[in-house]
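Written out below as structure tokens is the structure these notes cover.
The values are calculated or read from the model by the stated rules, or taken from the named source; none is laboratory data. All of these numbers come straight from a predicted model, not from anything done at the bench. Backbone-built Cβ (ideal geometry, glycine too); neighbour counts: all protein chains shown. Calculation scope for accessible area: heavy atoms of the full protein, side chains included, ligands and nucleic acids excluded. Shrake-Rupley method; radii C 1.70, N 1.55, O 1.52, S 1.80 Å.
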Amino acid sequence: MTVSDRPLRSVATTGTPDHQVVLHGTDWAALDTAFGTGEGLPAALAGLLDPDPAVQADALGALGSVRHQNSFYEGTVPVALFVAAVLSHPATDTTGPGRTGDGTRTRPTRALILEWLADLARDGDDESARIDGNEEMGAFRDLRPVFYGAVAPFLGHGEAAVGDAALIAALSLTEHPELAGHRHELVRHTRRLLATSTDRLHRNAALAALRAWGQDTSGLETADDITARNRYAAWRAAASNGESRYCDEPPF
């Protein structure tokens with residue numbers, strides 16, 4: 001697969017390509033997804049730039065075919081490059097329904113896009129690569145500096161939902177050796193998130209990153225954080241003993 005007749009790996013030296021280059025320079029029908037070829041992906045990607053935020057949310061949901069069950073496909077990286085490229089596009093500066101289409105809870109579209117990238121980054125983190133890596137995941141992991149470059153401008157964004165989503169994406173992306181120098185800056189943003197956010201998944205990711213970087217988190221944890229940490233430890237212990245357990249909520 002090529003983007004504007006250049007091997008995809010060359011993007012790592014040129015930065016995020018223009019979204020139009022990705023859209024029109026990719027042979028989508030030749031790429032696999034979880035549900036067949038990527039022939040329908042251009043329409044979904046174009047929907048991200050629709051002026052109606054409900055259409056944008058639906059379009060983002062349609063991109064699940066390239067990360068179904070946390071897996072990577074041939075269509076994953078070009079879709080991710082397009083998604084990263086439109087983060088700063090004026091059309092994504094909208095507010096509308098969340099991913100479920102629940103009109104009672106509105107979210108910035110840009111936050112939803114960043115959360116999609118954050119989920120993808122977590123799917124391709126170091127632990128996932130050790131367990132079930134493949135060539136497509138490797139292509140994404142090689143391009144983590146490019147994706148970080150797209151995400152970083154939104155760290156500390158005035159809208160907390162946008163800034164927090166950018167941070168969660170950045171935490172996984174900075175596992176790339178070339179990005180290790182950015183972790184010092186992320187510590188400040190991570191501590192801010194822990195002082196202001198009650199989002200369980202965000203808090204878990206923030207605390208895990210700080211611990212991985214050797215930071216003391218004892219003064220940052222709430223009672224709920226400690227409960228979640230103990231629950232996860234118990235789940236891991238059960239899993240290591242071969243016990244089959246299921247949690248209604250992710251234990252991480």
Q: Report in % the part of the accessible area of the chain that belongs to carbon and sulfur, leaving out ligands and nucleic acids; probe 1.4 Å.
A: 50 percent
Q: Tell me which residues come under 5 Å, amide H to amide H, from T95 once H is placed; ignore anything under 5 positions away on its chain.
A: T109
Q.
What does the extension gain come out to for T106 and A195, with contour length at 0.36 nm per residue minus their alpha carbon separation?
A. 29.8 nm
Q: For every helix of n ≥ 4 consecutive DSSP H residues, a contribution of -39,500 (n - 2.57) applies; sum these over the chain, divide by its total residues, and give [θ] at 222 nm rounded to the nearest 500 deg cm²/dmol.
A: -16000 deg cm²/dmol
Q) Can you tell which of T109, T222, T33 shows the greatest fluctuation in a Gaussian network model of the chain with Cα springs below 10 Å? A) T222
(Q) Using the Karplus curve 6.51 cos²θ - 1.76 cosθ + 1.60 with θ = phi - 60°, what ³J(HN,Hα) values do you get for each residue of the stretch 125-136, in whole Hz, with x for Gly and Pro? (A) 6, 4, 5, 5, 5, 5, 7, 8, x, 9, 4, 5
Q: With θ set to phi - 60°, apply the Karplus curve 6.51 cos²θ - 1.76 cosθ + 1.60 along the stretch 180-192 and write out the HN-Hα couplings as whole Hz, x wherever there is a Gly or Pro.
A: 4, x, 8, 5, 4, 5, 5, 4, 4, 5, 5, 5, 5
Q: Would you tally the net charge around H189, using a Cβ to Cβ cut-off of less than 13 Å, leaving H189 out, and scoring K and R as +1, D and E as -1?
A: +2
Q) Can you give the accessible area per residue of the chain, in Å², using a 1.4 Å probe? A) 49 Å²
Q | Cut-off 11 Å between beta-carbons: net charge of the residues surrounding H89, Lys and Arg +1, Asp and Glu -1 | A | -1
Q. Debye sum, Cα scatterers, the chain, no solvent: what log₁₀ I/I(0) at q = 0.09, 0.13, 0.15, 0.16 1/Å?
A. -0.40, -0.85, -1.12, -1.27
